[in-house]
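Written below as structure tokens is the structure these notes are about.
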Amino acid sequence: MSQQLEQLQGQIERITFTNEETGYTVAKVRVYGRRDLVTVIGNIVNPTPGEILKMKGEWGNHPKYGEQFKIVFCQTAVPANVQGIEKYLGSGLIKGIGPVMAKRVVKMFKEKTLEIIESEIDRLAEVEGIGQKRIGMIRRAWEEQKEIREVMIFLQSHGVSSGYAAKIYKQYGNEAIKIVRENPYRLATDVFGIGFITADKIAEKMGFARDSELRAAAGILYVLHELADEGHVFYPYERLLVKCEEMLDIGREIIVKALGTLAADKQVVVEDVIQDSTEIQESDKAVYLTGYHTAEKSIAFRLRALMNAPQAVRKIDSEKAIQWVQERLSITLADKQIEAVHRAAASKVMVVTGGPGTGKTTIINAILRIFSAIRTRFMLAAPTGRAAKRMSEATGHEAKTIHRMLEYNMRKGGFQKNEGSPLNCELLIVDEASMIDTLLMHHLLKAVPVTATFILVGDVNQLPSVGAGNVLKDIIDSGTVPVVRLNEIFRQARESSIIVNAHKINEGVMPSFDSSPGRLDDFYFISQEDPQKALETIVTLVKERIPKRFGFDPIDDIQVLTPMHKGVVGAGNLNTELQKALNPGVEGVIRGGRLFRVNDKVMQIVNNYDKDVYNGDIGRIRSIDTEAQEAKVIFDEREVNYDYTDLDELVHAYAVSVHKSQGSEYPAVVVPILTQHYVLLQRNMLYTAVTRGKKLVVLVGTKKALAIAVKNNRTRNRYTLLERRLRSHTQ
């Protein structure tokens, strides 16, 4: 075959597209002996403008893009001429040298530039604008780049793209190749973006047997992590074995043995479950990743300890307190709100749950007024920055994210507030509690003083937390904690069609769309059956119709929420089209197959404790610096630096999944709801989407899809034993 392939050599002029995950690249190459640039497609190791490519491949003709050279084999080499070196250095390959500095350096040292950087780097001080600090940055980047190249070549030699080589190097440093050789499966758990499947390919190329216990153990951990991402705190033993057999394509006995080894090494816990358990019918064993098992048991234990410990706050006469607070706030509390105040005065732990417009904020303010009057030290918190900010605005008191309140510090080993250094409060109120997952609740309860009063406020009918577990629902369903359910919509809230329709949806009733002609309502339905036309309608709504009619900013004020990630009106495609419409034409940086531009709306998709940004946080790209290879992103008025290698932690956020929108409110939301989303059409999904809209909600789709969602109250089961643990603790 290689004899039939044509050989070409040339210099990369520019990169049209590259996918870091797969290595697939489209580039324009100046091929020796040809006048016009050649389009080449195929896998190229970390393609860089200015590099020399030695290629073997074949010609093809694309119906849209014309003649292309498809690479089968490819080698890269550093450029030899001045123009190539300048392009190579100015591409962002070396942190500290961008296009402007590359021009100056090459003008000074000409063809010897790369040789100077390699062996006489201090001579760069002869170039205007390069001081010792920048030389240090360039030296580190040059050495790192050589190491990364080795990692890339090593990975490519084992049949895997090297888009994540920089992240692998960042994780392991000079030990990268050694660690990957010894156990490539470590990549799946240690490096964000590299899953088991990629690690498995590397292992196979390196000669690891498919039926090795090392592979089986790595596969089990991968499956359990994937299941945790789906919301499960544990998984039934037998069902787990079946899933692992299907994925790994190896015998049950090897998986059973590997699972036993993982349990002996304390990486997983296999817990016997009592026979009459209704939670598990397939088996009497539950398999946990050890961290989740510890967390679930800890939540039950600590809630029990909180409920049984004496109260730090002195006894309150709640009848007098209710009368006093109504006069102070000039309000009349409803029966359920009065019950909530009584409960707060008498209980160590309680839950207040209710939908929009039912007075949860009023309850928080009333409780705060009463407890403040007796000089109680209190703290307010919420799971997300936006929810905390909203809580601060509603109460007039500082509210923090749970992570900030617990003083997370990765360099110091995690949360600084814990049982050894508890929070300095006698009352803790946490809003948007439905968003709190098992691990976060575990860390939160560790830090709550045992004598404190702990109040959870949230809407249990929303989607459960993004992370594993169903903590608020389990606490409520256990019947072990006092719960006040607010169900009355107050007069002012009844004027909002959003709130009225949200409650209708929650009750399984179709929302109504009967606004008067010419009147500006806050809830609309636009009928559109064809997904492509629905997409076009959404783009027009966001770009033109809503801003023109309601005065909302298309990027900052309007949020598209979609049930799914894939498809014509999935988050991926919606973001591509909305970016074209709302932020076109500006040059940017391509990472992970995504083009990031200045002013893009972006969302963090993984917790990054170093940067103090978390899964679901939304921001705007303020600047992209090709010299320093950094982007600056603004999250809630706070500027965060992103190295280019960290940009795969961001996705565009013109459209986000409904799940990721939890805890946030937006002036306007647009929601596609089509029968193509059939699997995801659930009542709590639609309810969560609608309740994110503060002033305007527009649904685009079909009444049939809407009816399916409203009627479907079967939520996906999450495997958790917290409810049972709470019940058994109090028996």
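The values are calculated or read from the model by the stated rules, or taken from the named source; none is laboratory data. These numbers come from a predicted model, not from an experiment. With ideal geometry, Cβ positions are generated from the backbone for all residues, glycine too; neighbour counts draw on all protein chains shown. Each accessible area value is taken on the protein alone, full model and side chains, heavy atoms only, with ligands, DNA and RNA left out. Shrake-Rupley method; radii C 1.70, N 1.55, O 1.52, S 1.80 Å.
Do you know which residues across segment 215-246 are of a type in the set (A, V, I, L, M) and either under 12 Å from residue 289 (Cα atoms) or touching a residue at least 40 places away in the same chain (Cβ under 8 Å) (or both)? Listed by number, the residues that qualify are 216, 217, 220, 221, 223, 224, 227, 228, 233, 240. Residue check: residue 118 meets all listed conditions (1) under 39 Å from the mean Cα position of the chain (by Cα); (2) at pLDDT below 85; (3) farther than 27 Å from residue 8 by Cβ; (4) not basic (Lys, Arg) but one, namely (1).
Looking only at segment 61-86, residues that are among the β-branched types (Val, Ile, Thr) and touching a Phe, Trp or Tyr at 6+ places or on another chain (Cβ under 7 Å) come to 1 in all. In segment 371-384, the qualifying residues are those that are in a helix (DSSP H, G or I) and open to solvent by 20 Å² or more (accessible area, probe 1.4 Å), and the one that is nearest to residue 361 (Cα to Cα) is 372.
Listed here are the residues, each with its yes/no results for (1) of a type in the set (Gly, Ala, Ser); (2) at pLDDT below 90; (3) farther than 27 Å from residue 402 by Cβ; (4) not in a helix (DSSP H, G or I).
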{"residue": "546", "(1), (2), (3), (4)": "no, no, yes, no"}
{"residue": "553", "(1), (2), (3), (4)": "no, no, yes, yes"}
{"residue": "616", "(1), (2), (3), (4)": "yes, yes, no, yes"}
{"residue": "622", "(1), (2), (3), (4)": "no, no, no, yes"}
{"residue": "627", "(1), (2), (3), (4)": "no, yes, yes, yes"}
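For the residues 345, 300, the requirement of being more than 34 Å from the chain's Cα centre (by Cα) and in a helix (DSSP H, G or I) singles out 345.
For segment 630-643, the set of residues classified as under 26 Å from residue 100 (Cβ atoms) and either part of a helix (DSSP H, G or I) or open to solvent by 20 Å² or more (accessible area, probe 1.4 Å) (or both) consists of 630, 632, 634, 639, 641, 643, listed by residue number.
Would you be able to tell me the number of residues in segment 170-187 that are at pLDDT below 85 and either open to solvent by less than 30 Å² (accessible area, probe 1.4 Å) or part of a loop (DSSP other than H, G, I, E, B) (or both)? Residues meeting the conditions: 3. Candidates in segment 193-212 are the residues that are assigned to a helix (DSSP H, G or I) and in contact with a helix residue (DSSP H, G or I) (Cβ under 6 Å, 6 or more places away or on another chain); of these, the one that is surrounded by the most Cβ atoms within 10 Å (Cβ to Cβ) is 199. Scanning segment 30-83 for residues that are of a type in the set (Ser, Thr, Tyr), more than 23 Å from residue 102 (Cβ to Cβ) and either surrounded by 18 or more Cβ atoms within 10 Å (Cβ to Cβ) or modelled with pLDDT of 90 or more (or both) returns a single hit, 39.
Starting from segment 324-345, keep only residues that are in contact (Cβ under 8 Å) with a residue 24 or more places away in the chain, then list their pairs with residues that are outside any loop (DSSP other than H, G, I, E, B) and of a type in the set (Lys, Arg) whose Cβ atoms are within a distance under 7 Å, requiring at least 6 positions of separation or different chains. These pairs meet every condition: 325/369; 328/369; 329/369.
Considering segment 462-485, and only residues there that are at pLDDT below 90 and either buried (at least 20 other Cβ atoms within 10 Å of the Cβ) or in a strand (DSSP E or B) (or both), the residue that is nearest to the chain's Cα centre (by Cα) turns out to be 467. Selection of segment 705-731 for residues being of a type outside the set (S, T, N, Q) and in contact with a Ser or Thr (Cβ under 6 Å, 6 or more places away or on another chain) yields 705, 723, 726, 727. Checked across segment 644-655, the condition of being at pLDDT below 90, under 30 Å from residue 102 (Cβ atoms) and in a strand (DSSP E or B) holds for no residue. Annotation note: of 433, 452, the sole residue that is under 23 Å from residue 366 (Cα atoms), touching a Cys at 6+ places or on another chain (Cβ under 7 Å) and either aromatic (Phe, Trp, Tyr) or open to solvent by less than 10 Å² (accessible area, probe 1.4 Å) (or both) is 452. Note down all Cβ pairs under 7 Å where the first residue falls in segment 370-393 and is closer than 25 Å to residue 322 by Cβ and of a type in the set (Val, Ile, Thr), the second is assigned to a loop (DSSP other than H, G, I, E, B) and open to solvent by 50 Å² or more (accessible area, probe 1.4 Å), and they're at least six residues apart or on different chains. From residues that are closer than 25 Å to residue 322 by Cβ and of a type in the set (Val, Ile, Thr), the pairs are 374/314.
Among the residues of segment 658-669, are any more than 22 Å from residue 616 (Cα to Cα) and surrounded by 24 or more Cβ atoms within 10 Å (Cβ to Cβ)? No - not one qualifying residue is present in segment 658-669.
Only one of these is touching a strand residue (DSSP E or B) at 6+ places or on another chain (Cβ under 7 Å), touching a residue at least 60 places away in the same chain (Cβ under 8 Å) and within 30 Å of residue 270 (Cβ to Cβ): 719, 644. Name it. Answer to the selection: 719.
If the condition is being within 20 Å of the chain's Cα centre (by Cα) and modelled with pLDDT under 90, then segment 579-603 contributes 590, 591, 592, 593, 594, 595. Restricted to segment 326-356, and to residues there that are under 24 Å from residue 494 (Cβ atoms) and hydrophobic (A, V, I, L, M, F, W, C), the residue that is surrounded by the most Cβ atoms within 10 Å (Cβ to Cβ) is 340. If you go through segment 431-444 and keep only what is hydrophobic (A, V, I, L, M, F, W, C) and touching a Phe, Trp or Tyr at 6+ places or on another chain (Cβ under 8 Å), you end up with just 439. Among the residues of segment 121-131, write down those that are surrounded by 18 or more Cβ atoms within 10 Å (Cβ to Cβ) and assigned to a helix (DSSP H, G or I). Scanning segment 121-131 gives a single hit, 124. All of 586, 560, 569, 606 fail the test of being in a strand (DSSP E or B) and either open to solvent by 60 Å² or more (accessible area, probe 1.4 Å) or closer than 17 Å to residue 658 by Cα (or both), apart from 560. Going through (1) in a helix (DSSP H, G or I); (2) more than 30 Å from residue 610 (Cβ to Cβ); (3) out of contact with any strand residue (DSSP E or B) (no Cβ under 8 Å at 6 or more places or on another chain) one by one, residue 489 falls short only on (1).
Candidates are the residues of segment 486-506 that are modelled with pLDDT of 80 or more and aliphatic (A, V, I, L, M); the one that is nearest to residue 441 (Cα to Cα) is 486.
Might you check whether a residue that is modelled with pLDDT under 85, open to solvent by 50 Å² or more (accessible area, probe 1.4 Å) and assigned to a loop (DSSP other than H, G, I, E, B) occurs anywhere in segment 722-731? Yes: one or more hits.
Only residues that are open to solvent by 50 Å² or more (accessible area, probe 1.4 Å) and touching an Asp or Glu at 6+ places or on another chain (Cβ under 7 Å): list them for segment 101-120, please. Of everything in segment 101-120, those that are open to solvent by 50 Å² or more (accessible area, probe 1.4 Å) and touching an Asp or Glu at 6+ places or on another chain (Cβ under 7 Å) turn out to be 103, 104, 108.
Of the residues making up segment 385-412, those that are part of a loop (DSSP other than H, G, I, E, B) and open to solvent by less than 70 Å² (accessible area, probe 1.4 Å) are 396, 406.
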